[in-house]
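J.: Got a structure for you, questions after.
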Amino acid sequence: MKPEGLFLVISAPSGAGKSTLIRMLCREFPDFGFSISYTTRQPRPDEVHGREYFFVSRDEFLELKAGNFFAEWAEVHGNFYGTPKDQILQSIDQGQNLILDVDVQGARQIKENINRGVFLFVFPPSLEELRNRLKKRGSEKDADIDRRLENAVIEMLANGIFDYWLVNDDIDRAYEQLRSLVLAEKLRPERNPGLPQKIAAGKWF
Ligand code: ADP
Ligand code: 5GP
């Protein structure tokens, strides 16, 4: 029997530190795949096409959407974002561990359409700190930062579908909590099929 992969869906207001936490997690757990989304947003200076996102035009995105290419999609801060369906269904079927980084609308669609996964919402410690982090990242103009902060309040108040809440105040403490979640989820019986039989047969080691 194949173990079920851990399908971790993470949402957070932009700037809360989700990408930083995901990078740390993938470094420690290289068995996690990361679903690369499509977006119409412009790449940031350090972003690479096919690594952080597939960067496409609005027309290309709409064509993919019309072809039923996405498992979910949403318009976030004025840009389109979408998760390719085949990639995640294949990973789930093959029992691979997978991380999905989507906004709250996307997480809700994944829950409704795929009905699998562990859903985590990451909070910033305050809106003031969120603004500081967005400014420090330096990738958005002031108007974009205001838009992201307005959206942050909406997302924080509409996150009822999540299984776990985590506050990213100190990054090391927040990461410690994230890795605890992953380690605990890996202990679920469905991720360890046949374990009692192996132990009973003396074949666990
Ligand atoms: P997101 O992916 O949620 O938009 P990022 O991971 O890009 O956010 O983080 C936004 C900025 O905040 C980055 O410059 C990152 O280095 C910084 N950051 C992340 N977590 C923390 C933290 N706990 N304390 C201070 N700065 C942080
Ligand atoms: P950013 O532009 O800062 O990379 O991401 C902005 C927002 O878009 C974040 O909340 C992020 O989680 C969300 N996002 C990234 N990829 C996807 C996706 O494929 N689908 C959805 N619905 N949201 C996404």
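The values are calculated or read from the model by the stated rules, or taken from the named source; none is laboratory data. As the structure is a computational prediction, the values presented were derived from the model and not from experiment. Please note: Cβ atoms are built from the backbone with ideal geometry, for glycine as well, and neighbour counts cover all protein chains shown.
J.: Give me the pairs: first residue in the stretch 94-118 and at pLDDT 90 or above, second residue in a strand (DSSP E or B) and of a type in the set (Asp, Glu), beta-carbon distance under 8 Å, and six or more apart or on different chains, which are they?
T.: Correct list of pairs: 102/72; 105/72; 106/72; 109/72; 110/72.
J.: Where residues in the stretch 66-78 are in contact with a strand residue (DSSP E or B) (Cβ under 7 Å, 6 or more places away or on another chain) and closer than 27 Å to residue 150 by Cα, which of them is surrounded by the most Cβ atoms within 10 Å (Cβ to Cβ)?
T.: 72
J.: Now a separate question. When the residues of the stretch 26-49 are filtered to those that are touching a Ser or Thr at 6+ places or on another chain (Cβ under 8 Å) and not in a strand (DSSP E or B), which remaining residue is nearest to residue 186 (Cα to Cα)?
T.: 35
J.: Please identify the pairs in which a residue from the stretch 130-144 that is under 19 Å from residue 171 (Cα atoms) has its Cβ atom under 8 Å from the Cβ atom of a residue that is more than 9 Å from ligand 1 (Cβ to nearest atom) and assigned to a loop (DSSP other than H, G, I, E, B), counting only partners at least 6 apart or on another chain.
T.: Close Cβ pairs satisfying both conditions: 134/140.
J.: For the stretch 63-93, what are the residues that are among the hydrophobic types (A, V, I, L, M, F, W, C) and in contact (Cβ under 8 Å) with a residue 12 or more places away in the chain?
T.: Within the stretch 63-93, 64, 69, 70, 71, 73, 74, 76, 80, 88, 89, 92 meet the criteria.
J.: Another question, then. Conditions first: (1) modelled with pLDDT of 95 or more; (2) closer than 30 Å to residue 153 by Cβ. Residue 77 passes all but one, so which condition is the exception?
T.: Answer for residue 77: the failing condition is (1).
J.: Among the residues of the stretch 171-204, write down those that are aliphatic (A, V, I, L, M) and free of Cβ contacts under 8 Å to residues at least 60 places away in the same chain.
T.: Correct list: 183, 184, 187, 195, 199, 200, 201.
J.: Now for a different question. Is it fair to say residue 43 is surrounded by fewer than 15 Cβ atoms within 10 Å (Cβ to Cβ), on the phi < 0 side of the Ramachandran plot and either near ligand 2 (Cβ under 10 Å from one of its atoms) or not small (Gly, Ala, Ser) (or both)?
T.: yes
J.: Only one of these is under 29 Å from residue 180 (Cβ atoms), charged (D, E, K, R) and away from ligand 1 (no atom under 16 Å from the Cβ): 52, 60, 72. Name it.
T.: The conditions single out 72.
J.: Keeping to the stretch 1-25, report how many residues are part of a helix (DSSP H, G or I), touching a residue at least 40 places away in the same chain (Cβ under 8 Å) and within 14 Å of ligand 2 (Cβ to nearest atom).
T.: Summing the residues that are part of a helix (DSSP H, G or I), touching a residue at least 40 places away in the same chain (Cβ under 8 Å) and within 14 Å of ligand 2 (Cβ to nearest atom) in the stretch 1-25 gives 5.
J.: Which residue pairs have Cβ atoms closer than 6 Å, lie 6 or more positions apart in sequence or on different chains, and pair a first residue in the stretch 26-40 that is more than 17 Å from residue 7 (Cβ to Cβ) and without any contact (Cβ under 8 Å) to a residue 60 or more places away in the chain with a second residue that is surrounded by 14 or more Cβ atoms within 10 Å (Cβ to Cβ) and of a type outside the set (S, T, N, Q)?
T.: Note: pairs meeting the criteria are 38/54; 38/56; 38/82; 39/53; 39/81; 40/61; 40/80.
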